[in-house]
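All remarks here apply to the structure that follows.
The values are calculated or read from the model by the stated rules, or taken from the named source; none is laboratory data. A quick note: this is a predicted structure, and the numbers were derived from the prediction, not measured. When we count neighbours, we look across all protein chains shown, and the Cβ atoms used for this are built from the backbone with ideal geometry, even at glycine. Accessible surface is based on the protein model in full, side chains and every heavy atom, while ligands, DNA and RNA are left aside. Shrake-Rupley method; radii C 1.70, N 1.55, O 1.52, S 1.80 Å.
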6 protein chains.
Amino acid sequence: MLYITRREIFNAAHRLFREDYDDKTNFEVFGKCSNPNWHGHNYTLFVTVAGEVNPETGFVINLKELSKTIQGKIIDKIDHKNINLEVDFMKGKMASTELLTRAIWEQLEEEIRLLGARLFSVKLYETENNFVEYLGE
Amino acid sequence: MLYITRREIFNAAHRLFREDYDDKTNFEVFGKCSNPNWHGHNYTLFVTVAGEVNPETGFVINLKELSKTIQGKIIDKIDHKNINLEVDFMKGKMASTELLTRAIWEQLEEEIRLLGARLFSVKLYETENNFVEYLGE
Amino acid sequence: MLYITRREIFNAAHRLFREDYDDKTNFEVFGKCSNPNWHGHNYTLFVTVAGEVNPETGFVINLKELSKTIQGKIIDKIDHKNINLEVDFMKGKMASTELLTRAIWEQLEEEIRLLGARLFSVKLYETENNFVEYLGE
Amino acid sequence: MLYITRREIFNAAHRLFREDYDDKTNFEVFGKCSNPNWHGHNYTLFVTVAGEVNPETGFVINLKELSKTIQGKIIDKIDHKNINLEVDFMKGKMASTELLTRAIWEQLEEEIRLLGARLFSVKLYETENNFVEYLGE
Amino acid sequence: MLYITRREIFNAAHRLFREDYDDKTNFEVFGKCSNPNWHGHNYTLFVTVAGEVNPETGFVINLKELSKTIQGKIIDKIDHKNINLEVDFMKGKMASTELLTRAIWEQLEEEIRLLGARLFSVKLYETENNFVEYLGE
Amino acid sequence: MLYITRREIFNAAHRLFREDYDDKTNFEVFGKCSNPNWHGHNYTLFVTVAGEVNPETGFVINLKELSKTIQGKIIDKIDHKNINLEVDFMKGKMASTELLTRAIWEQLEEEIRLLGARLFSVKLYETENNFVEYLGE
């Protein structure tokens, strides 16, 4: 079993808040991240796939196909977008790094199975100081 | 003459567009950056100051004071903010990295002179692939 | 279960040696790190916490609280300090990265439980070429 | 149990291809990586060793000895070399990052056991966007 | 006047040697870099353009056009290639980082003038420890 | 004229203080950096040399010789040392990054001239947030 990882980057706006909180409560819970006018990040995404090496190619997975899958299911939908307003797979969810990481997993898991491999980890850096990892359970 | 640099980071939302363009023209000129719902970045700012070494302290400038100045004049105003809507020193300007870099220079130049040094360069990374530098002329 | 990580940095002096060794033996075992006049590092610390997402906030843990805890229990005690002489939680221990990593775990484990989460990993970079990770057992 | 990691770098040329494929098929499967005139990378290698802390030294393993082992068994054989043509431990294997990572594991496992520790992970970055990890099974 | 920089990456094989030297002399002068079987690098290229801000767009240069120019004139010709054997603009030149940097300048200077800006600097990292900059004179 | 840069790293302890100040004044001026028990850093040094390309070798300077010079004149004297107590070229100087950068210039300038090139810049990172550059005048 080998683990192969692909890094991708996207830039997006978001806001942390609850509609059922007033502004003061949102600020107490979410701090500056609750700014109603949005802020944003350069998100760095690491997608790790686990599998056996294909003896014919020496690959666990064809990285071009993996990259194309991440592009189509994630990057095209979220890059230069507003996570709260425009990303279908985040509809109805808070735009925390935790929930975004898990939603990316859900977007990719089945697609990667179709490529003949198994999604092992999704890791998402919001800044150089904060990142979240999800292993599917 | 020595050159000393302080790095600071801020996260902000922005949009590239002109009000006198329609959406189609904005997209042609500014691409994905014209998204009306905003996107954002982790901006990395490098402020370089030039000066002689103070023989009493071994410093060109007290970095704590430089950092406090950058904090008060830049970071407090732009971090977790919307550059187009909320940043006083960007009012009426397009939120390109070029104009933001120059505006940061204008915010800092006089303040750094009051600290007894000379602002030499403002460098601003929008992403790991794009950055702008301004030397004041 | 999600894993969220916070990065913090501290700068400290240390020395690797045993009092019951003479200088020659210390040098044989610990090399340049045994220099009696100390040397130092910019240590980079990664603290990973595991937990379920709080459905109310979208958070595993409030990162501001996690950061404040790391600040109070670790950074305030070790930043710009001498690890061998001044850090209470390293008293009587050798100042190796291994033992420092484990001591940081012991400082943080209970505090993070009080924040409602579980400490999963402490990872400590001494240089860009060397780092240690501890998972608590 | 602690995990200690050593980073090393090597620069090498390689090519992904099968002798039993014609050039067109090699290009379809391996893309630009199949270029018959070679291309190359700055590979970054992370070797992680697991073990208990030696109470006498505070070390899991003496990093100088670990580094010397990696140097002798890996770096001296592969740095500034052609992976397909010149590296004994890659003879008869395709020069994919996956198979290279596993071959490095096989080179190091027994040597590290002789140093009194256990090889836990070999992680190899081919570029900043792609890396492979192997845990020995 | 502002300075805007675009980063691009390419992976290539090369060799430092002179045909009029024998292997022993090549090794004495160029060390491991003279390996007849090639080695390679992940080269990181920084192209800096100087210009006034266009008041209509807020841009010194349209970065998409700059990136397309670098792609067409440099990356397409050198990425996943052998610099000594396959790169038209390096024909008859030694494949040192110095000469490669200057050749990239010569490839880009006129093209960037056609985009309405002025090439200011080409900086090329061969490794994280070595890089060359050329300012055109 | 081309500019070639070599990166080197050293780890050292230091303290910012004046003997003619009492502890309270030292703390007011130098903050935590005045800790009498020392602290330390992983310093990253960039040495840039300017010169014409030697048409015989394609080099501005032989990087192995440049690296050996930096090793002998700087790294061997300062790595794993106490800058205030043990570094001959810092004797009688305050251990600020500014004065250290200038002292490294003075150590290297003549040596690099003997290698047939001209020292252009010494840049020294104390942390990822602070660095100093000196151009010799």
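Structure notes:
- Projecting label points 7 angstrom from Cα along Cα→Cβ for C:T127 and F:L114 puts them 2.6 nm apart.
- Between copies, the label points of B:D88, set 7 Å from Cα on the Cα→Cβ line, lie 4.3, 4.5, 5.6, 5.6, 7.1 nm apart, reported in increasing order to one decimal in nanometres.
- Rounded is the label for the protein assembly as shown, because the ratio a/c of its alpha-carbon gyration tensor axes (a ≥ b ≥ c) stays below 1.5.
- Cα-based shape type of chain D, given that a ≥ b ≥ c are square roots of the gyration tensor eigenvalues and the cut on a/c is 1.5: prolate
- For region E:77-129, with +1 on Lys and Arg beta carbons and -1 on Asp and Glu, the positive-most of E:I104, E:N84, E:A117 along the dipole: E:A117
- In order through region E:9-16: 3J(HN,Hα) via Karplus (6.51 cos²θ - 1.76 cosθ + 1.60), integer Hz, x for Gly, Pro: 10, 9, 10, 8, 9, 7, 7, 9
- The GNM of chain A, with springs linking C-alpha atoms under 10 angstrom apart, assigns the highest mean-square fluctuation among A:R118, A:R102, A:R18 to A:R18.
- Taking the C-alpha atoms only, the angle from helix C:97-114 to the longest principal axis of chain C is near 30 degrees.
- Between chain E and chain B, the total buried accessible area stands at approximately 1800 Å², from heavy atoms with a 1.4 Å probe.
- Residue of D:N37, D:N82, D:N62 that the Gaussian network model of chain D assigns the largest fluctuation, springs spanning Cα pairs under 10 Å: D:N37
- Axis-proximal residue, chain D, for the rotation superposing D on F (Cβ, Å): D:I9, 6
- For region F:90-137, a/c is not less than 1.5, where a ≥ b ≥ c are the root eigenvalues of the C-alpha gyration tensor, and a/b does not top b/c. That puts it in the oblate class.
- Lys, Arg +1 and Asp, Glu -1 on Cβ, resulting dipole of the protein assembly as shown about Cα centre, debye, nearest 20: 0 debye
- Rounded to the nearest whole Hz, the Karplus-based 3J(HN,Hα) values (6.51 cos²θ - 1.76 cosθ + 1.60, θ = phi - 60°) of region B:32-43 follow the sequence 4, 5, 8, 3, x, 8, 6, 9, x, 8, 8, 7, with x at glycine and proline.
- Put a dot 7 Å past the Cα of C:E137, heading toward its Cβ, do the same for A:R18, and the two dots end up 3.4 nm apart.
- Sites listed here are GluC sites (Glu not before Pro) in region D:1-102 whose DSSP assignment is loop and whose Cβ has at most 15 other Cβ atoms within 10 Å: D:E19, D:E52, D:E56.
- Hypothetical label at E:K93: residues of region E:118-133 whose amide nitrogen lies under 20 Å (7 Å Cα-Cβ projection): E:118-127, E:130-133
- Chain D: most fluctuating residue of D:T97, D:T127, D:T48 per GNM, C-alpha cutoff 10 Å: D:T127
- Other-copy label distances relative to E:L135, 7 angstrom Cα-Cβ extension, nm: 0.6, 0.6, 5.2, 5.2, 5.3
- The H on the amide N of F:K81, modeled in the peptide plane, is under 5 Å from the matching H of F:A13, each at least 5 residues off or on a different chain.
- Charged-residue dipole, Cβ positions (Lys, Arg, Asp, Glu), region A:29-90 about Cα centre, Debye nearest 20: 260 debye
- Over chain E: helical MRE at 222 nm, DSSP H runs n ≥ 4 each giving -39500 (n - 2.57), nearest 500: -8000 deg cm²/dmol
- Listed pairs B:K32/D:K32; B:K123/E:K77; C:K24/D:K64; D:K24/E:K81; B:K64/F:K32 exceeding 19 Å between Cα atoms: B:K32/D:K32; B:K123/E:K77
- Under 5 Å, built H, 5+ apart or other chain: amide partners of D:N42: E:N42
- Alpha-carbon centroid distance for the pair region A:81-112 / region F:1-26, whole angstrom: 46 Å
- Counting only other chain Cβ atoms within 10 Å of each residue's Cβ, the peptide B:53-61 averages 5.
- Expressed as a whole percent, the accessible surface of the protein assembly as shown that belongs to carbon and sulfur atoms is 47, based on a 1.4 Å probe.
- Database remark: amide H of C:F59 closer than 5 angstrom to the amide H of C:N54 (H placed geometrically; neighbours at sequence offset of 5 or more, or on other chains; Pro and chain starts carry no H).
- Here the Karplus relation 6.51 cos²θ - 1.76 cosθ + 1.60, evaluated at θ = phi - 60°, turns the backbone of region B:20-31 into coupling constants of 7, 9, 7, 4, 5, 5, 4, 5, 4, 7, 10, x Hz, with x for every Gly and Pro.
- Each other copy holds its own label point for C:Y21; taking that point as 7 Å from Cα along Cα to Cβ, the gaps run 3.6, 4.3, 5.2, 5.2, 6.5 nm, nearest first.
- Size of electric dipole in region F:1-131: Cβ of Lys, Arg +1 and of Asp, Glu -1, about Cα centre, debye, nearest 20: 160 debye
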